[in-house]
Amino acid sequence: MPSKLRLKRIADRINQLLSEMLVTGQVSDPRLAGVFITDVRVDRELNFASIYISSLEGKERQNEILSGFEHASGYIRSTLAKEIQIRTFPALRFFWDETPERAERIERLIDSLSEHDSDDKQKKENSEPN
């Protein structure tokens with residue numbers, strides 16, 4: 001069984017190579033335009049590589065993007081297996097990562113709170129007699 005460090009290195013290498021494939025156009029599926037890899041996790045037995053993806057457009061294209069990756073998974077897996085030398089290459093599973101969308105929502109909430117606080121301060125300053 002590989003060490004945690006080795007699993008992390010394999011996952012990082014998959015992330016790097018897959019990102020390069022998307023940027024250079026090796027995977028030419030138009031459904032995968034504007035997509036980025038947020039995380040890759042490899043299980044302890046090297047049976048599965050879970051790839052978490054997101055898009056600039058957000059959740060609207062989630063199903064289209066996931067089906068594009070499923071369609072290209074055989075090509076992606078064989079290309080990655082040629083670059084990463086391990087006995088058996090893990091099967092690829094693609095998941096939608098909502099982290100960027102959640103982060104944006106949290107930032108909007110924080111901004112609205114800070115705007116609300118500044119409005120309250122101005123009201124207090126204006127209502128205080130000199």
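Working note: 222 nm ellipticity from helices only, DSSP H runs with n ≥ 4, each -39,500 (n - 2.57), summed and divided by the residues of the chain, gives -19500 deg cm²/dmol to the nearest 500.
Note down the relative contact order for the stretch 1-96 as a percent, whole number, built from C-alpha pairs under 8 angstrom at least six residues apart. Provide the component values of the computation, followed by the final result.
On the way: 122 pairs, mean separation 30.0, N = 96.
Relative contact order for the stretch 1-96 comes out at 31 percent.
With a cut-off of 12 Å between beta carbons, the residues surrounding Arg6 carry a summed charge of +4, where Lys and Arg count +1 and Asp and Glu -1. Note on Glu115 and Glu57: the extension gain reaches 18.2 nm, defined as 0.36 nm multiplied by sequence separation minus the Cα-Cα distance.
Which order results if His116, His71 are arranged by neighbouring Cβ count within 10 Å, fewest first? Each step should come with its number before you reach the end.
Values: His116 10, His71 14.
Ranking His116, His71 by Cβ neighbours within 10 Å, fewest first, gives His116, His71.
Against the chain, whose longest principal axis comes from its Cα atoms, helix 99-127 is set at around 10 degrees. Give, as a single signed number, the net charge of other residues whose beta carbon lies under 12 Å from the beta carbon of Pro100, with Lys and Arg counted +1 and Asp and Glu -1. With Lys, Arg at +1 and Asp, Glu at -1, the neighbours total -4. Net charge of the neighbourhood of His71, taken over other residues with C-beta under 9 Å away and scored Lys/Arg +1, Asp/Glu -1, is -1. As a proxy for reagent exposure, Asp39, Asp97 were ordered by neighbouring Cβ count within 10 angstrom, fewest first; the result is Asp39, Asp97.
Mind checking which aspartates and glutamates have their C-alpha under 18 Å from Lys82, skipping anything on the same chain fewer than 8 residues away? Straight-distance partners of Lys82: Asp12, Glu20.
Size descriptors for the chain, from the alpha-carbon set: Rg then Dmax equal 21.5, 79 Å. Between the helical axis of 4-24 and the longest alpha-carbon principal axis of the chain there is an angle of about 80 degrees.
All of the numbers you see were taken from the coordinates with simple rules; none came from a lab. Since this is a predicted model, take the numbers as computed values, not measurements. A quick note on method: Cβ atoms are made from the backbone with ideal geometry, for glycine too, and the neighbour counts reach across all protein chains shown.
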